[in-house]
1. Considering only residues that are acidic (Asp, Glu) and within 16 Å of the ligand (Cβ to nearest atom), which ones fall in segment 1-30?
2. I need every pair where a residue in segment 159-184 that is open to solvent by 100 Å² or more (accessible area, probe 1.4 Å) has its Cβ under 9 Å from the Cβ of a residue that is more than 16 Å from the ligand (Cβ to nearest atom) and in a helix (DSSP H, G or I), sequence separation at least 6 or different chains.
3. Quick one: what pairs do we get from segment 30-43, first residue farther than 18 Å from residue 80 by Cα, second within 9 Å of the ligand (Cβ to nearest atom) and assigned to a loop (DSSP other than H, G, I, E, B), C-beta under 6 Å, 6+ apart or different chains?
4. Are any residues in segment 139-165 in a helix (DSSP H, G or I) and farther than 18 Å from residue 213 by Cβ, and if so, which ones?
5. Would it be correct to say that residue 79 is more than 29 Å from residue 240 (Cα to Cα), charged (D, E, K, R), within 14 Å of the ligand (Cβ to nearest atom) and open to solvent by 20 Å² or more (accessible area, probe 1.4 Å)?
6. Could you please let me know if residue 104 is touching a Phe, Trp or Tyr at 6+ places or on another chain (Cβ under 6 Å), not assigned by TED's automatic domain parsing to the domain that holds residue 189 and not basic (Lys, Arg)?
7. Output the residue which, of all residues in segment 31-61 that are open to solvent by 90 Å² or more (accessible area, probe 1.4 Å) and modelled with pLDDT of 95 or more, is farthest from the ligand (Cβ to nearest atom).
8. Restricting segment 288-316 to residues that are among the hydrophobic types (A, V, I, L, M, F, W, C) and open to solvent by 10 Å² or more (accessible area, probe 1.4 Å), which is farthest from residue 155 (Cα to Cα)?
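The values are calculated or read from the model by the stated rules, or taken from the named source; none is laboratory data. Since the model is a prediction, treat every value here as computed from it, not as a measurement. Please note: Cβ atoms are built from the backbone with ideal geometry, for glycine as well, and neighbour counts cover all protein chains shown. Ligands, DNA and RNA are excluded from the accessible area calculation, which covers all protein heavy atoms including side chains. Shrake-Rupley method; radii C 1.70, N 1.55, O 1.52, S 1.80 Å.
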Amino acid sequence: MSKKLAIVGGTGAVGRVFIEYLKTHQLPIEEIKIVASKRSAGKKIDLNGSSIVVENIENFDFSSVNYAFFSAGTEVAKKYAHLAKSCGCTVIDNSSCFRREESIPLIIPEVNGEILDTLKLPEIISNPNCSVSQLLIALKPIHDLYKIKRVDVATYQSVSGTGKDAIDELTKQSKDYLDNKKIEKKVYSSQIAFNILPGAMRPKLDNGYTEEEMKMTWEAQKILDKDIQLTSSCARVPVFYGHSEAVHLETELEIDLNEMISKMNEFPGLEILDDDSKFLPNPIDNAEGSDLVFVGSIRKDLWQKNRINFWVISDNLRKGAALNSMQILKRLIENN
Ligand code: A2P
């Protein structure tokens with residue numbers, strides 16, 4: 001049966017990638033609506049030869065669609081997701097609004113997608129934080145083999161994870177810096193061009209970690225294993241697209257490197273890179289515009305047989321956001 005779909009935040013960084021996927025992923029969708037703030041209402045967006053007029057969320061009738069993908073931030077999710085559900089519309093929300101709510105599924109289809117098969121729609125489903133999705137795609141096959149006890153991860157997160165205004169800020173600050181002009185700061189409280197911002201977001205929480213850092217712990221425990229001990233140090237870096245992560249982990253069982261690599265190579269959406277002639281994996285050569293999660297620079301720990309170190313990178317707007325949500329939507333449509 002054909003369905004109707006709304007993309008809330010369709011004018012934003014993730015929303016636009018989601019719209020791109022609708023051109024290539026064949027879904028039985030009879031009508032697509034694009035919704036944003038009143039600032040964008042009336043603008044036109046091209047999709048498969050037709051021009052869709054952006055609608056103002058304040059006047060939008062959620063009973064006119066079966067599914068809505070939300071990527072418009074926490075406040076919009078808080079205000080409209082339950083309203084949409086009460087109108088019979090299933091919401092896939094990309095914000096952090098509901099991720100920690102026990103009753104709301106937090107899904108990476110390759111890791112815990114079977115939860116989707118048990119849902120009775122309409123529902124609200126949360127899409128994980130972008131740094132978490134790529135990390136758990138790499139961790140899942142290792143966890144299945146050797147049971148991961150502890151993970152220490154440092155992230156190098158691109159500005160597109162913050163949204164389109166942050167992309168514009170990095171562009172402008174980079175030009176102004178090279179032209180010796182005054183640097184304006186709107187999105188981040190410190191200069192992002194040619195700089196590194198520890199914590200990736202502000203403010204810090206009471207325990208000294210930023211919410212961006214704690215999201216990784218909370219979400220990995222909810223999706224992969226409630227007992228996993230994960231600590232992260234997040235940073236925002238002057239990269240436009242693609243998050244990089246340096247991962248150090250410890251397992252209960254001893255790691256057999258060849259077995260681990262072959263299991264990771266079989267895992268859907270994961271690719272191992274080991275070309276030593278380049279600095280791989282990296283955001284520009286590998287991640288930007290790709291649907292895959294790349295793992296490279298795999299190193300056995302120098303001292304312990306149950307520890308391993310590697311890099312994970314992926315396009316944060318894709319597997320980290322729009323692609324993961326598209327996969328959720330596909331599975332829901334197939335099931336219903
Ligand atoms: P708009 O373009 O009208 O501001 P990004 O994550 O790249 O910053 O994009 C955020 C998305 O969420 C945009 O599509 C933006 O629409 C939308 N958005 C932001 N605030 C609101 C709001 N109050 N109501 C509806 N949509 C919103």
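1. Of everything in segment 1-30, just one residue is acidic (Asp, Glu) and within 16 Å of the ligand (Cβ to nearest atom), namely 20.
2. Once the first residue is open to solvent by 100 Å² or more (accessible area, probe 1.4 Å) and sits in segment 159-184, its partners that are more than 16 Å from the ligand (Cβ to nearest atom) and in a helix (DSSP H, G or I) give 181/175; 182/176.
3. These pairs meet every condition: 43/54.
4. Selection gives 140, 141, 142, 143, 144, 145, 146, 160, 164, 165.
5. yes
6. When the stated conditions are applied, residue 104 passes them.
7. 44
8. The selected residue is 303.
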